[in-house]
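What follows is a set of notes on a single structure, which appears directly below.
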Amino acid sequence: MVLAHLSDTHLRHPDDPLVRGLLDPRPHLLQALAAVEAHAPQALVFTGDLSDDGTPESYQELRRLVLPVAERLGAAVIWGNGNHDSRTAFRSVLLDALPPGRGEAPLNQAHDLGGLRVLWLDTTVPGADHGEVAPASLEWLAARLAEPTQHGTILGMHHAPLPVVQDMAASWELHGQADLARVLTGSGVRAILAGHFHQSGFGTFAGIPVHAATSVCYTQDLASGRGMRGQDGAQGWHLVGVHAHTVTSTVAPIAHHPTIMRTRSAEESTADLASRGLMIADS
Ligand SMILES: [Fe+2]
Ligand SMILES: [Fe+2]
């Protein structure tokens, strides 16, 4: 199975679209979606900060841009929330399948992608940038993980449970990690997909591989060292391969760059391999 993992789109109300007064994130999202479509994933997984301003209109704008692509692909869409999102607006515009009327309750979700279970764990604290998992959400997670699954579980969450690489980021990391680790240790979760830090990062948490995607909107400039400088460049998403024996993430930048070797279409590559009696291994 192929998944497209996108994070931190930071869309705003269309009447006030510029992030920090400077950057319209919509062209970057469209660029990312064109790349996603070229890989024909079975699902798009969004790992939070989908809105920058938390307005219902920003989520409507997100639907307007994303859903036609998902419909053309026949792909499922999993919407996960981050610290910039408003739970109430997020629920009412994006999560029509969840029962309404639970106000600011955490937006935990369980999805089934052809036997692959994808759980979304809400790590947000309303009004705060750091993350924390509420005791009731930990109980919900433990109960879901106790249920059988055919192809295993992938866990999505906004605040990547990894040590930070920029000093300032310590002020918005995930709190209570020991409690979460107690629930996840030995649970058999195959991978954690996350976001939040606007830079791709990988590691393990409670023995589980963590794949933190960079941002589709703007990124943190690691060329500046441990300080912080948000920049309009190096945006990307992750192409996730769910195989029988492993889960991979490939960092996919949204931009094209100068060509240095002969270009081949996917069809040309397949024909070339077939002419040599070769085929693409599928697992
Ligand atoms: Fe973000
Ligand atoms: Fe965030």
Sequence-distant residues sharing a close amide H with PHE205 (under 5 Å, placed H): VAL210
Residues with amide H under 5 Å of GLY131's amide H, sequence separation 5 or more or different chain, H placed in the peptide plane at 1.01 Å from N; which? GLU173, LEU174, HIS175
For a quick check: with amide H placed at 1.01 Å from N, whose amide H comes under 5 Å from TRP120's, ignoring anything fewer than 5 positions away on the same chain? GLN109, ALA110, HIS111, GLY156
Would you kindly derive the ³J(HN,Hα) couplings of segment 31-45 from the backbone phi angles with the Karplus curve 6.51 cos²θ - 1.76 cosθ + 1.60 (θ = phi - 60°), listing them in order in whole Hz, with x for Gly and Pro? 4, 5, 5, 5, 5, 4, 4, 5, 9, 6, x, 7, 8, 10, 10
With +1 on the Cβ of every Lys and Arg and -1 on the Cβ of every Asp and Glu, the dipole magnitude of the chain about its Cα centre, in debye rounded to the nearest 20, is 580
So how long is each side of the chain along the principal axes, counting just the alpha-carbon atoms, biggest first, in Å? 58, 47, 39
Residue order, fewest to most surrounding Cβ atoms within 10 angstrom, among ASP167, ASP49: ASP167, ASP49
Going fewest to most other Cβ atoms within 10 Å around each Cβ, VAL240, VAL165 line up as VAL165, VAL240
For segment 66-75, what does the Karplus curve 6.51 cos²θ - 1.76 cosθ + 1.60, with θ = phi - 60°, yield as ³J(HN,Hα) per residue in whole Hz, taken in order and with x for Gly and Pro? 8, 5, x, 5, 4, 5, 4, 7, x, 9
GNM, the chain, Cα, under 10 Å: largest mean-square fluctuation among GLY80, GLY236, GLY115? GLY115
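For MET261, MET228, MET157, MET168, which order do you get if you count the other beta carbons within 10 Å of each Cβ and list the fewest first?
By the 10 Å Cβ count, ascending, the order reads MET261, MET168, MET228, MET157.
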Not counting the cut sites, what is the longest span of the chain without trypsin sites (Lys or Arg not before Pro) that DSSP labels loop and that have at most 15 other Cβ atoms within 10 Å? 103-225
With a Förster distance of 41 angstrom and the Cβ-Cβ distance between GLN150 and ALA128, calculated FRET efficiency to the nearest 0.05 equals 0.65
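All of the numbers you see were taken from the coordinates with simple rules; none came from a lab. This structure is a prediction, so every number in the text was calculated from the model and none was measured. Quick reminder, even Gly has a Cβ in these numbers, built from the backbone with ideal geometry, and neighbours come from all protein chains shown.
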